[in-house]
Amino acid sequence: MSFDITGWIVRIPVLLFAITIHEYAHGKTALWFGDPTAKQMGRLSFNPLIHIDPLGALCLFLFNFGWAKPVPVDTRYFRNFKRDVILMSLAGPFTNLAAALVAGMFLRFLLFPVEIYQMALLYLLFMNLGLGLFNLLPIPPLDGSHVLENLLPPRSAQKYQEVSRYGPFILIGIIMLDNFAHTGILNTILLHPMRYLAQLFSGITF
């Protein structure tokens, strides 16, 4: 990877922003459904440092696919368990997609001829798309796994829970295979929707 000081300076705050709004959305949605755990533990905050998962941040920083430290959630507070878990899980990825939409609108309608401004918007667009779509994958511990688990029939959900312990290893394995063995697994799954949404939001062909 070539070293571009301007690019790295822009990437860092964009990364922190994407992670922060993702986790804040989870915590805020849980609070709406009656769970004050994230707020009581200081995780309902826009301070990015408390949301960083070192490995997830490194993967997002280097590979554009990653995750943050999950906010603590006590689902016993939820009145409609399955619905509330699904909506709370979707809140983080959908917040990233909304941020990508805003960045795309700026690229479409307010694209000033300033290189660092354009670079920041492109990173906002693609890093939020990457974080949002990646976390929708139904691989534990990603948000999509909680959605799928609560959509499955009880017996299938139980079997899914039994194999979920291997999810993090599968996830890291896929990322490593993609980046060192060039298997292209994540690209096959995510690159097309990322490009499609980036073009849809910004009007730019990538």
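The values are calculated or read from the model by the stated rules, or taken from the named source; none is laboratory data. These figures come from a predicted structure and were not determined experimentally. Heads up, the Cβs are rebuilt from the backbone with ideal geometry, glycines too, and the neighbour counts pull from every protein chain shown.
Results, tabulated for the structure shown:
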item	result
Scan of the range 165-186 for residues that are among the β-branched types (V, I, T), assigned to a helix (DSSP H, G or I) and at pLDDT 85 or above, ordered by number	I170, I174, I185
Lone unmet requirement of (1) farther than 27 Å from I9 by Cα; (2) free of Cβ contacts under 8 Å to residues at least 12 places away in the same chain; (3) of a type outside the set (S, T, N, Q); (4) exposed (fewer than 14 other Cβ atoms within 10 Å of the Cβ) for I170	(2)
Identity of the residue in the range 188-206, among the β-branched types (V, I, T) and part of a helix (DSSP H, G or I), that ends up nearest to V102 (Cα to Cα)	I189
Subset of the range 1-52 (residues that are charged (D, E, K, R) and touching a residue at least 12 places away in the same chain (Cβ under 8 Å))	R11, E23, K28, D35, K39, R43
Pairs, first in contact (Cβ under 8 Å) with a residue 24 or more places away in the chain and closer than 14 Å to K28 by Cα in the range 79-108, second among the charged types (D, E, K, R) and crowded, with 21+ Cβ neighbours inside 10 Å, C-beta under 7 Å, six or more apart	S89/D143; L90/D143; G92/E23; G92/D143; P93/D143
Qualifying residues in the range 23-69 (those that are part of a loop (DSSP other than H, G, I, E, B), of a type in the set (A, V, I, L, M, F, W, C) and touching a Lys or Arg at 6+ places or on another chain (Cβ under 8 Å)) - the one modelled with the highest pLDDT	F33
Qualifying position, being surrounded by fewer than 14 Cβ atoms within 10 Å (Cβ to Cβ) and within 17 Å of the chain's Cα centre (by Cα), among L58, L90, L15	L58
Within the range 122-142, tally of residues that are free of Cβ contacts under 8 Å to residues at least 60 places away in the same chain and either out of contact with any Gly (no Cβ under 6 Å at 6 or more places or on another chain) or among the basic types (K, R) (or both)	1
Residue list for the range 71-122, filter: part of a loop (DSSP other than H, G, I, E, B) and farther than 25 Å from N47 by Cβ	F78, R79, N80, L110, L111, F112, P113, V114
Some residue of the range 139-147 being modelled with pLDDT of 95 or more, surrounded by 15 or more Cβ atoms within 10 Å (Cβ to Cβ), not in a helix (DSSP H, G or I) and not basic (K, R)	no
Output for the range 178-199, where each listed residue is of a type in the set (A, V, I, L, M) and surrounded by fewer than 13 Cβ atoms within 10 Å (Cβ to Cβ)	A181
